[in-house]
1. Rounding to the nearest 10 and keeping the result within 0 to 90°, find how far the Cα-based axis of helix 69-84 lies from the longest principal axis of the chain.
2. Can you give me the accessible area per residue for the chain, using a 1.4 Å probe, in Å²?
3. Which peptide among 15-22, 26-33, 92-99, 110-117 comes first, and what is the full order, when sorted by highest mean count of other Cβ atoms within 10 Å?
4. For the chain, what does the helix formula give at 222 nm: sum of -39500 (n - 2.57) over DSSP H segments with n ≥ 4, over the residue count, nearest 500 deg cm²/dmol?
5. Sum up the lysine pairs in the chain that clear both bars: alpha-carbon distance under 14 Å and a spacing of 8 or more or different chains.
6. Which one, [x] 40, 29, 28; [y] 57, 29, 25; [z] 49, 31, 28, gives Cα extents along the principal axes in Å as derived from the coordinates shown?
7. Within the chain, what whole-number % of the accessible surface is contributed by carbon and sulfur, with the 1.4 Å probe and all protein chains included in the calculation?
8. Sequence gap at least 6, Cα distance under 8 Å: using those rules, report the relative contact order of segment 1-75 to the nearest whole percent.
Amino acid sequence: INAAAFTDVDGAEKNPSNAYKINAESVENLSKLSHHLNFTLIHFSTDYVFNKSSFEAICENEALNPINIYGNSKLLGENAILKYAERFYIFRISWVYGRHGKNFPKTIIKLAREKEEIKIVNDQFG
């Protein structure tokens, strides 16, 4: 299970080298290793591989057109899996949150504790 990723979308624009090393090159290496050692690779990708803004679900067979460096680095990783791994699962996910790292729920909780009024975009859905 590949649980490693460069997930800082804005940071990928500032430091594309790290995004490509982690999201593309390391995934290529895992894909080759999966082929060589004959194991199933489970990989987590992103909806940023699409260039679509919609209120409806994005189907997995829709056109791929990454919207930024982060999305492109993740797509290159997916392409490496398709090229080298024989057995794999690719999950394209979004709106990940949890105890560690920064995420939307933690940001809202923090702002609610610090401010009497907060402003939030209302054009994003996840």
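The values are calculated or read from the model by the stated rules, or taken from the named source; none is laboratory data. All values derive from a computational prediction rather than experimental measurement. All Cβ positions, glycine included, derive from the backbone under ideal geometry; neighbour counts span all protein chains shown. In case anyone asks, the SASA skips ligands and DNA or RNA and just uses the protein heavy atoms, side chains included. Shrake-Rupley method; radii C 1.70, N 1.55, O 1.52, S 1.80 Å.
1. That helix lies at roughly 30 degrees to the long axis.
2. On the way: 9190 Å² over 126 residues.
Counting only protein heavy atoms, the per-residue value for the chain is 73 Å².
3. Details: 15-22: 16.0, 26-33: 18.1, 92-99: 11.0, 110-117: 8.9.
Highest-to-lowest ranking by the protection proxy: 26-33, 15-22, 92-99, 110-117.
4. Values: 5 runs with 50 residues, N = 126.
Mean residue ellipticity, 222 nm, calculated: -11500 deg cm²/dmol.
5. Here the count comes out as 4.
6. [y]
7. On the way: 4830 of 9190 Å².
Ligands and nucleic acids excluded, carbon and sulfur give 53 percent.
8. On the way: 77 pairs, mean separation 29.9, N = 75.
Result for segment 1-75 is 40 percent.
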